[in-house]
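J.: Questions regarding the structure given below will be posed in turn.
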Amino acid sequence: MKSRSTGGRVELLQGTLDLLVLQTLVLGPSHGHAIAKQIQRSSDDVLQVEHGSLYPALHRLERKKWITSAWRTTKEHARPLKMYSLTPAGRKQLTAESSRWEALVAAMARVMKPADG
Amino acid sequence: MWRWKRARERQEDDLTAEIQTHLDLEEAEHRGNGLRPRDARVAALRAFGNVTLVQEHVRDVWGWTMFEQLVQDVRYAARTLQRSPGFGFAAVLSVAMGIGMNSAIFSLADALVFRPLAVRDPHGLFAVRSTSPETPFSGISYLDFKDIRERNHSFESLIAHRLAVLPFAKSLDAVPQMRMGMKVSRDFFQVLGVDPILGRGFLPEETDIPARGAVAVLSFGFWQTEFGGDPRVVGRTIQIGQASVTIVGVAPRAFTGMDPIIQPFFYVPATLGEKPGQTSEAGVAASVLERRDDLGFIVRARLATGVTRAQAQAELASVTRSLEEQYPDTNRRRGATLRSERELRSEQAPALLPSMLLLLGLSALVLVIVCANVANLFLSKARARSREIAIRLAIGAGQFRLVRQLLAESLVVAVAGGTAGVALAFAAVRYLGSIRIPTDTPMVIAVQMDGRVLVFSGLIAVLSAFAFGLAPAWQAGRADLVSALKRTDVGAPRRGRIIGRQTLVVAQIAMSLVLLVAAGLMLEAFAKMVVLDPGFRTDRILMMEFDPAAIGYSDLQTREFYRELAARAGALPGVQSVALSRAIPFRPSFTDAVIVPEGFELPAGQDGVTTATNTVDASYFVTLGVEILRGRGFSVEDTPDSRRTGIVNETFAAIYWPGRDPIGQRFRVGAPGPWTEVVGLARTAKYFNITERPQPHVYLPLEQHRTSRLTLLVHTAGDPMSAAGPVRQVVRGLEPRLPIANTRSLRTMYEEGVLGMQRLILQMVSSMGLLGLCLALVGLYGVVTYSVGRRMREFGVRMAIGATPSDILRLVLKEATVLAAVGVVLGLLLSVPLARALSAGLSGVGSLSGWTLILVPAGLIIVTIAACVGPAWRASQVDPTLVLRLD
């Protein structure tokens, strides 16, 4: 597995980034930088996202038509930003993925701590 | 392609801007936290990671478009081919020959058989044919056509047309020439959907009222050649028949008539020159438009909307039944049937489709040989490249991508070869198009490189790319990585590869043998044909054709003219004899008459037997050297007032009066006709085709069966063409206005018209055979050279332990001979069904004969062995010490 711990921060498992991006966009349209910050913030800086790795993920999700993008100007910023937003298909995908994720987490938990089960 | 490129550029700009924005935002954030500008930028970059790598990953997500990959593959393939020009040239040249041959043959077959008429909705156009128990299919009389047009409800429209040779002159005072035109019924151009490019088609009153019918539409070709493409030609007055005719339009270039071969020069209303209401001496209507027994018109029809072919056929049957009741004399047992264009063509020329299919099949064989050859070339190159391919596989090239890469190489070869092939075909087509059938009839084999041929060429190019590209590509994709990389040289060949190449060579030899057997059969047939006796004299005969009625001669004037002509021409110096005949052999101008032989039991439901007849004068048999075996030829005794006489040939006598003396037997011409007495028995000659089986034939005396259109045959002491001038003088002296047609020597007509087509087919088949053989030899040579090169070490060892050079020579030659022998045996097996198809499809081609069966395989084996002598010799000259020291 490609998971390492570096100084209390955890690098992301492959594939989980997509889920995190979708989850972040549930709250509303957002741009790349804000998404990166949001993931870091909501995981209390435990999840370390190398900002660059976000972009292949965004483009992949867009290609799968789970998110769409458009250049837009917002109130906070003077310059136009490429804003990503969730599509209905993406929302469906998120639901499916998160239940699978929860099942995985529960299973992992049972395996790792059998006594608690 | 440009749109795709712009889209890709926009996508790139978009990504750059997006990343830049991200970095700027991050930098601003760090600055807000109090970092200095430079540190802030560095921190932003650190948080982001490797920008170039990120861009690469995003591009991966976008993926290479199919098109981008294709361009890459093709570029790479072109570069690879450039690096080995010898290989590239050999491959492209073979493909060019294969595709050139196929395209040329396809264009010929298309011109003769497949190409639809250049009319609107050609497949919705049916032919209506007249049927009777005696003649299954024939044209329709104009009166029947008009009745069918009026009485039926199944057809949206019906038109009729017929070819007619008419005197034509550009001005009223010029001497007319005989020219092929087409007489057409009302709405001809409208129903066909042919819009004249100049002027207009015919108005209904022009095609219906004879007095208004003096108009013509020119064909595009005639407008170009005769009128220089003059745009002001509409409105001009020309002479057709005896009428001064106004040109009202010019047909478009694509529309060349209603037949794949005969292209009329002009179109005129069917009523042009017809004199309704007049009768001839014999009391029949003079105009073909008023004769229900003149089945000269071809009728075409379009079905009304919602009517099926079966419904139309049923209504047609009921209409013809009512015509039968109404006109029992002419329409007894006469029905009508619908034919599609394709069915019509195969009815009119039944031998054409099978022979074209055979030619196409044979040229497909050449293409198969070509593909085997190119596949072989690719395989040998793949061997040399196996290390390169192994390395590319090792560093992560996908197998699929690699296979596609190699296929792209074949595609490049196929496209280059296809292009060159189309150029070759173009040259061949120009040659084919230059062939003229020697008559004044505008018979043109309208071969052309049109869109249809180009599509065909493109298709077979792509097909062959797959055929010769797949095997090598598949082998490369399966390459055994480890062993290929470990070997220092290309190493000993894997057994499978050599077997693969040997299989290809065996297949090539087998197919060349098939082609050569075909060529041999054709050659034999041709040789037989050349020595075949046509049954009449062909040397020192001049022919010339006239039709005085076309310039308004009455029956009496016509008779006078011919009597004078024969007398004066016969008196010319150097002329031995002259004859007049309605038809001459090998030109389809015999009249099929229904003959009722007395005493012969006709098949049930049949009123007579359809037999080719000719009307000839008394000196015909002497002039053409047709022997009268019993009885007499025609003579002055046979006058219109004497009893009707006829002469039959041996075959006729043998079929209808077996074992009886034909002299004195009687027959009727036409079911209700008068009895005719047989006065002579003629030797059976050839009438339609030099290879035909003996055909029954009936001669009738000209004096009792007058006709206006006759051919004068002049038997000369010397060169027949030298008599042409004097005879022309005689004709001019008698009637300066009379057009003279088909002036040529009978020999020329016979050689070009009868043997020419056969010679052309022979040339084609034998050049295919030779091409196939050359390619197969190149393939065999390559395989032997290659395997000898691989086995030098083995030969060295053999010689070191005592083999002599001649042992080695024998060893190599033996292996080559085995390949050739296997190929020959396979080829012979394949030849059996081919020979059967050939002798069934092409007249005059016999079954497999000893000559072909022995000479062709023996020759093939000798030639293949000869091709291997070079490499075998080199193998035998190997120096064992040198070869063994090499490792």
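The values are calculated or read from the model by the stated rules, or taken from the named source; none is laboratory data. In this text, all values refer to a predicted model and were calculated from it rather than measured experimentally. Using ideal geometry, Cβ is built from the backbone for each residue, glycine included, and neighbour counts are taken over all protein chains shown.
J.: Please give the strands (runs of 3 or more DSSP E) falling wholly within the range B:561-633 in which 3 or more residues are at pLDDT 90 or above and among the polar types (S, T, N, Q).
T.: B:575-581, B:609-616
J.: Among the listed residues B:VAL530, B:VAL444, B:VAL462, B:VAL482, which satisfies the condition of being at pLDDT below 70, among the hydrophobic types (A, V, I, L, M, F, W, C) and surrounded by fewer than 17 Cβ atoms within 10 Å (Cβ to Cβ)?
T.: B:VAL482 is the lone residue from the list that is at pLDDT below 70, among the hydrophobic types (A, V, I, L, M, F, W, C) and surrounded by fewer than 17 Cβ atoms within 10 Å (Cβ to Cβ).
J.: Name, by its number, the condition in (1) among the aromatic types (Phe, Trp, Tyr); (2) over 30 Å from B:VAL447 (Cβ atoms); (3) touching a strand residue (DSSP E or B) at 6+ places or on another chain (Cβ under 8 Å) that does not hold for B:TYR267.
T.: Going through (1) among the aromatic types (Phe, Trp, Tyr); (2) over 30 Å from B:VAL447 (Cβ atoms); (3) touching a strand residue (DSSP E or B) at 6+ places or on another chain (Cβ under 8 Å) one by one, B:TYR267 breaks only (2).
J.: Restricting to the range B:79-125, what's the tally of residues that are among the acidic types (Asp, Glu) and over 17 Å from B:ALA364 (Cα atoms)?
T.: Matching residues across the range B:79-125 total 1.
Yes or no, residue by residue, for (1) on the phi > 0 side of the Ramachandran plot; (2) under 34 Å from the mean Cα position of the chain (by Cα); (3) among the hydrophobic types (A, V, I, L, M, F, W, C):
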| position | (1), (2), (3) |
| --- | --- |
| B:ALA682 | no, no, yes |
| B:ILE690 | no, yes, yes |
| B:PRO696 | no, yes, no |
| B:LEU702 | no, no, yes |
| B:ALA717 | no, no, yes |
| B:GLY725 | no, no, no |
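J.: Continuing with the same structure: Kindly establish whether B:GLU26 is over 30 Å from B:ALA776 (Cα atoms) and more than 14 Å from chain A (Cβ to nearest Cβ).
T.: No; evaluated as a whole, the condition is false for this residue.
J.: Still on this model: Of all residues in the range B:530-552, how many are among the hydrophobic types (A, V, I, L, M, F, W, C), more than 28 Å from B:ARG728 (Cα to Cα) and touching a Lys or Arg at 6+ places or on another chain (Cβ under 9 Å)?
T.: Looking only at that region, the number is 1.
Every residue, every condition in (1) over 43 Å from the mean Cα position of the chain (by Cα); (2) more than 9 Å from chain A (Cβ to nearest Cβ); (3) crowded, with 16+ Cβ neighbours inside 10 Å; (4) in contact (Cβ under 8 Å) with a residue 24 or more places away in the chain, yes or no:
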site	(1), (2), (3), (4)
B:LEU45	yes, yes, yes, no
B:PHE48	yes, no, yes, yes
B:VAL54	yes, no, yes, yes
B:SER84	no, yes, no, yes
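J.: Can you tell me which residues in the range B:56-65 are more than 8 Å from chain A (Cβ to nearest Cβ) and either basic (Lys, Arg) or touching a residue at least 40 places away in the same chain (Cβ under 8 Å) (or both)?
T.: Of everything in the range B:56-65, those that are more than 8 Å from chain A (Cβ to nearest Cβ) and either basic (Lys, Arg) or touching a residue at least 40 places away in the same chain (Cβ under 8 Å) (or both) turn out to be B:ARG59, B:THR65.
J.: So, one more: Which ones in the range B:166-217 are closer than 20 Å to B:PRO739 by Cα and assigned to a strand (DSSP E or B)?
T.: Matches in the range B:166-217: B:LEU166, B:PRO167, B:PHE168, B:ALA169, B:GLN177, B:MET178, B:ARG179, B:MET180, B:GLY181, B:MET182, B:LYS183, B:ALA216.
J.: Go through the range B:718-749 residue by residue and tally those that are part of a helix (DSSP H, G or I) and in contact with a strand residue (DSSP E or B) (Cβ under 9 Å, 6 or more places away or on another chain).
T.: 12
J.: One residue is enough: does the range B:4-21 have a residue meeting the conditions in contact with a Leu (Cβ under 7 Å, 6 or more places away or on another chain), among the aliphatic types (A, V, I, L, M) and within 14 Å of chain A (Cβ to nearest Cβ)?
T.: Within the range B:4-21 (the criterion being in contact with a Leu (Cβ under 7 Å, 6 or more places away or on another chain), among the aliphatic types (A, V, I, L, M) and within 14 Å of chain A (Cβ to nearest Cβ)), the answer is no, since none of the residues qualifies.
J.: A follow-up question, please. Does at least one position in the range B:29-37 carry a residue that is free of Cβ contacts under 8 Å to residues at least 40 places away in the same chain and either at the interface with chain A (Cβ under 9 Å from one of its Cβ atoms) or within 60 Å of the chain's Cα centre (by Cα) (or both)?
T.: Looking for residues that are free of Cβ contacts under 8 Å to residues at least 40 places away in the same chain and either at the interface with chain A (Cβ under 9 Å from one of its Cβ atoms) or within 60 Å of the chain's Cα centre (by Cα) (or both), one finds at least one in the range B:29-37, hence yes.
J.: Please find, among B:GLY664, B:GLY631, B:GLY625, B:GLY608, the residue that is in contact with a strand residue (DSSP E or B) (Cβ under 8 Å, 6 or more places away or on another chain) and either buried (at least 23 other Cβ atoms within 10 Å of the Cβ) or in contact (Cβ under 8 Å) with a residue 60 or more places away in the chain (or both).
T.: Values: B:GLY664 fails: either buried (at least 23 other Cβ atoms within 10 Å of the Cβ) or in contact (Cβ under 8 Å) with a residue 60 or more places away in the chain (or both); B:GLY631 fails: either buried (at least 23 other Cβ atoms within 10 Å of the Cβ) or in contact (Cβ under 8 Å) with a residue 60 or more places away in the chain (or both); B:GLY625 fails: in contact with a strand residue (DSSP E or B) (Cβ under 8 Å, 6 or more places away or on another chain).
The conditions single out B:GLY608.
J.: When you look at B:VAL616, is it farther than 25 Å from B:VAL754 by Cβ and not small (Gly, Ala, Ser), yes or no?
T.: Spelling it out, it is not the case that B:VAL616 is farther than 25 Å from B:VAL754 by Cβ and not small (Gly, Ala, Ser).
J.: Here's a check for you: in the range B:694-717, which residue that is within 16 Å of B:ALA682 (Cα to Cα), of a type outside the set (S, T, N, Q) and assigned to a loop (DSSP other than H, G, I, E, B) is modelled with the lowest pLDDT? Write out each step before concluding.
T.: First pass over the range B:694-717, keeping only residues within 16 Å of B:ALA682 (Cα to Cα): B:694-701.
Those left that are additionally of a type outside the set (S, T, N, Q): B:694, B:696-701.
Adding the requirement that they be assigned to a loop (DSSP other than H, G, I, E, B) leaves B:694, B:696.
Values: B:PRO694: 89, B:PRO696: 93.
My answer is B:PRO694.
J.: Residues that are away from chain B (no Cβ under 14 Å), at pLDDT 85 or above and out of contact with any Ser or Thr (no Cβ under 6 Å at 6 or more places or on another chain): list the helices (runs of 4 or more DSSP H) wholly contained in the range A:16-117 that include at least 3 such residues.
T.: Filter on the range A:16-117 gives A:16-25, A:88-112.
J.: Still on this structure, please answer the following. Please determine whether any residue of the range B:89-103 is surrounded by fewer than 23 Cβ atoms within 10 Å (Cβ to Cβ), in the same structural domain as B:ARG385 (by TED's automatic domain parsing) and out of contact with any helix residue (DSSP H, G or I) (no Cβ under 9 Å at 6 or more places or on another chain).
T.: yes
J.: Kindly indicate whether B:ALA111 is over 27 Å from the mean Cα position of the chain (by Cα), within 30 Å of B:GLN763 (Cβ to Cβ) and modelled with pLDDT under 90. It would help to see each step written out before you state the result.
T.: Values: over 27 Å from the mean Cα position of the chain (by Cα): no; within 30 Å of B:GLN763 (Cβ to Cβ): yes; modelled with pLDDT under 90: yes.
Taking the combined requirement at face value, the residue does not satisfy it.
J.: Can you find even one residue in the range B:796-806 that is surrounded by 14 or more Cβ atoms within 10 Å (Cβ to Cβ), of a type in the set (S, T, N, Q), modelled with pLDDT of 80 or more and not assigned by TED's automatic domain parsing to the domain that holds B:ALA375?
T.: The answer is no, given that none of the residues of the range B:796-806 is surrounded by 14 or more Cβ atoms within 10 Å (Cβ to Cβ), of a type in the set (S, T, N, Q), modelled with pLDDT of 80 or more and not assigned by TED's automatic domain parsing to the domain that holds B:ALA375.
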